[in-house]
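J.: Just passing along the structure, written as structure tokens.
Read the figures in this text as sums done on the coordinates, not as results from a lab. What you are looking at is a predicted structure, and each value in this text was computed from that prediction instead of being measured. Every residue, glycine among them, receives a Cβ derived from its backbone with ideal geometry; neighbour counts consider all protein chains shown.
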Amino acid sequence: LQQEMRLLLVGRPLPSRQCRWLHWSQPQSYEELWKAVSSFEMQKVIANVAEKTPNRITPRALMYGGRPGDPEYMITSANYLLHTLPVRLSQRIRQFQELPFLVGCNPHIMRVHWLYIRSFQIISNFRRTVNNQDEINFTAMLQNRLDDHRGVLTSLAKGFTECKNYISSDTMQTFLDHILSSRLGIRMLCEHHIAMHENKRGYIGIINLHLSPRDLIHRCADFARFAVM
């Protein structure tokens, strides 16, 4: 199973030197935000990476690829994420670029667009993980990226509420479906890697080995019943 993960790591999608021109600092004005998301050179790099196909990982590899805290597995997992995350992020960035002009100019939506660009840039610039310290540094960086994106859903909700007159409901729904499903997949991969540092009883990473789908459905039904009362 570790070999299955290694086979996913066929080359890096983006040499770090190609991203050194990007600005990592937080934009302090709308003008700086606009400049950060509209850089022509940045768009060329992102477009090239977005053409790649992200490597898939099976639930079996997640569950049985290695033991929590195993150094060899953690390094392999980090390098898999270094390969696949820039591709996944670049494809979401391309979706922001394809939004109607007035919608893409909304400050809430543009800030989320910039967050994806910033995460793409930082992860693409992170060197390949070769030892335990590299992996620890990578995991800390990954946690910071997750923290940065915590307010994404709220920002998107505000932005599309303000722009509802400038985009069709079908286009908006398609965009949100792709963004939210991809966001869920990215966060799952990142949180699983982070959780593999903990040897939590009954869990492998974020996977609960004793999860009962029946009990989960009942809890969701009870919650829905309570919510509509």
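J.: How much length is gained if the chain between ARG187 and SER212 is pulled fully straight, taking 0.36 nm per residue apart and subtracting their Cα-Cα distance, in nm to one decimal?
T.: Numbers: separation 25, 0.36 × 25 = 9.00 nm, distance 2.23 nm.
Full extension of this stretch gives 6.8 nm more.
J.: With bins 5 Å wide starting at 0, give me the P(r) of the chain over every alpha carbon pair, in whole percents.
T.: Calculated P(r), rounded to whole percents: 1, 6, 13, 16, 17, 15, 12, 10, 7, 3, 0, 0.
J.: If you don't mind, another one. At a temperature of 10 °C and a viscosity of 1.306 mPa s, determine how fast the range 149-217 diffuses translationally according to Stokes-Einstein, using the Kirkwood radius over alpha-carbon pairs as Rh; express D in µm²/s, rounded to the nearest whole number. Don't skip to the answer; put the middle values down first.
T.: Values: Rh = 14.8 Å.
The diffusion coefficient I find is 107 µm²/s.
J.: In addition: Pop a pseudo-label 7 angstrom from the Cα along the beta-carbon direction at both GLU32 and PHE223 and give the gap in nm to one decimal.
T.: 3.8
J.: Here is a further query. So, R0 is 45 Å and r is the distance between the beta-carbons of VAL130 and CYS105; what FRET efficiency does that work out to, to 0.05?
T.: On the way: r = 42 Å, r/R0 = 0.94.
Computed FRET efficiency for VAL130 and CYS105: 0.60.
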